[in-house]
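Taking it in order: structure first as structure tokens, then the write-up.
Quick note: the coordinates plus some simple rules give every number you see, no bench work behind them. Everything numeric in this text was worked out from a predicted model, so none of it was measured. Positions of Cβ are backbone-derived with ideal geometry, glycine not excepted, and every protein chain shown enters the neighbour counts.
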């Protein structure tokens, strides 16, 4: 049917004009499609088949033509006043008592030890000031909830532009980082990868990248074994709707695994998968010895060949032959990364870049398995057996370059994934933090896709830990921080980034500002000025009321196209071409956009991607070379920020400074679970690293005293308190 709009002055449905529908709602078309009839100040429609609400005069209300688009994906819930007001009152009482105490201390000096008295007064004033800074941001905590049913209706249900009902959700690239297989066992990393590959998210929308900053063959072969076992584990989880998709944690559960299971073949297939997983663990744990034996065999063979060649050339047989003790791959070639006996070009700080796609990108159409046979362990006749793309990556390292530790590795992942998959969203996890809630990614994406979600830079999840003693002797749970401080920061402009368990918007990592921002001026930032950083379609009156820095040539955030420059991102044309694509895919739907902003049409992300080719892989290898970042903005304003051991805090500060909003997502079931320090030495080392990073921030240009007016006053207080 041809779409048309009726003039507002002639609209017969006045009662629905502004309250329940968007401004461009077509009342005539709505009445036609619901078979409604005209009435006075309302529309009357049949009772059968048009919705579940209550209408006028007992008539049943239809599922409105624009009602689906108006349903929110998320809701913000304030903390109960019965809890919050007593807490605020307690702060005021303590503040008053502290003020009286300090007043008394200052008025009663100890003249016999004046220097000692002065020192104690200084310390007490400093601690009082620090306590006050710590309490101020906690005054307005919030909770948030999501509605996954709305997400399914909006993005995964058939419609006119997407008749097959393919998923229209933005894709996610998942980054997992590891650096040392001795400190971070490969079996733990493998279980984290398996929990990602089996997550409840559209397969064609997911890609997993493992960054091995140690360049270890052990990690590489463990990932190959993981990809092989995933062909059994992922279909098993999908067929039987397994909630916990980390195999180690799943098989160790002390609970009735038959609860809510109705399939008769579940017990038999679970037993088979368990036996296969036990064999998988044996293979993973035997890899170090297997690699050593293989390398010794090949090295001995190379020595024999060298001696034979020496004899053929008539050289002195008594001369020692120097054959490098290489580490060998299973195909009989040298491992290009780090060798067990470090040599030039094969040490932890000196090796070539490596990229290997362990699992190819899946097709857009589902692929169903077959019955039990020699190839398939379980019956997967009606089970989609596709697997997400899985990539091993180890960036190039050379002695004369500063590799910037984890921040440098994360930036290499950003560039590589932009060329190979280019998902608009990025989730980063540590190798020991696995996905505990298989719906966690869907809940995080709800915030990105809801109205106003284009201003959200990232969604941070709390860290939850396993293996901690019941008394939590070393305070590893960090309960006050994750359950109090972070919720309170969510009531401001959002929580800080804590290094893992965070879904990023890719374009925010590229250094772009949000489409809209607010500047806070005046006393404590009470006077607000709205900024449109991408020029919307506004009336002349609205342009006079709202600041439009898009016309300011000095604003380097205003014109995105001006940043597609080698001095910003490097010389890769493929990387530059991927940026506007990622920006478009990260937009909200057109019917969810606010006034004057741009969106993408429904179904635009349901189109299959082009297959990955060899040229793309070659380009991806070039962007992980150590010289790619030379004379660029990587680590300065693009990607993870360099210059501090706490790169997570600095990165979130820079993005807060640009005007981005952040969200704290606490799911009913823990989103992720990881491991915490198990002894005092590791815990103290962790705290010392945080303290060192805080001092670095305080004495750098990232001090909150120099924050932009786009950051709220209390948000500045938070970062200033971190840096103290």
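Distance between Cα centroids, region 670-724 to region 586-658: provide it in whole Å.
24 Å
Viscosity 1.567 mPa s, temperature 4 °C: give me the Stokes-Einstein translational D for region 396-473 in µm²/s, with Rh taken as the Kirkwood radius over C-alpha pairs. Intermediate results must be reported in sequence, preceding the final value.
Working: Rh = 15.9 Å.
The Stokes-Einstein estimate is 81 µm²/s.
Strictly greater than 20 Å: what percent of every Cα pair in region 301-430 meets that?
Result for the distance tail: 67 percent.
Using Cβ contacts closer than 10 Å as the measure, can you line up 289, 302 from fewest to most? Present the calculation step by step, with values, prior to reporting the outcome.
Working: 289 9, 302 16.
Going from sparsest to densest Cβ surroundings: 289, 302.
In whole angstrom, how far apart do the alpha carbon centroids of region 346-396 and region 97-132 sit?
64 Å
Cα-based Rg (one decimal) and Dmax (whole number) for region 225-381, in Å?
Gyration radius and largest Cα-Cα distance of region 225-381: 23.4, 77 Å.
Order of 209, 298 from fewest to most other C-beta atoms within 10 Å?
Numbers: 209 25, 298 17.
So the ranking, lowest neighbour count to highest, is 298, 209.
For an R0 of 35 angstrom, estimate the FRET efficiency from the Cβ-Cβ distance between residue 100 and residue 685 and round to the nearest 0.05.
E(calc), rounded to 0.05, equals 0.30.
Tell me the label-point distance for the pair residue 305, residue 278, using the 7 Å Cα-to-Cβ offset, in nm and rounded to one decimal.
It works out to 4.1 nm between the two label points.
Find the percent of Cα-Cα distances in region 418-538 that exceed 19 Å, and round it to a whole number.
Roughly 61 percent, rounded to a whole number.
Could you give the nm distance between label points at residue 484 and residue 530, where each point is 7 Å from its Cα heading toward the beta carbon?
Reported label-point gap for residue 484 and residue 530 is 3.7 nm.
Indicate the gyration tensor shape class of region 627-724 (rounded, prolate or oblate), computed on the Cα atoms with a ≥ b ≥ c the square roots of the eigenvalues: a/c under 1.5 is rounded; otherwise a/b larger than b/c is prolate and the rest oblate. Don't skip to the answer; put the middle values down first.
On the way: a/c = 1.43, a/b = 1.26, b/c = 1.13.
In terms of gyration-tensor shape, rounded.
In what order do 572, 120 fall by count of nearby beta-carbon atoms within 10 Å, going from fewest to most? List each step's numbers first, then the result.
Values: 572 18, 120 13.
So the residues, fewest neighbours to most, are 120, 572.
Under 8 Å for C-alpha pairs, at least 6 residues apart: give me the relative contact order for region 93-197, rounded to a whole percent.
Details: 27 pairs, mean separation 13.4, N = 105.
After rounding, I find 13 percent.
Quick one, what does Rg over Rh come out to for region 100-197 if you take C-alpha atoms and the Kirkwood Rh?
Answer for region 100-197: 1.39.
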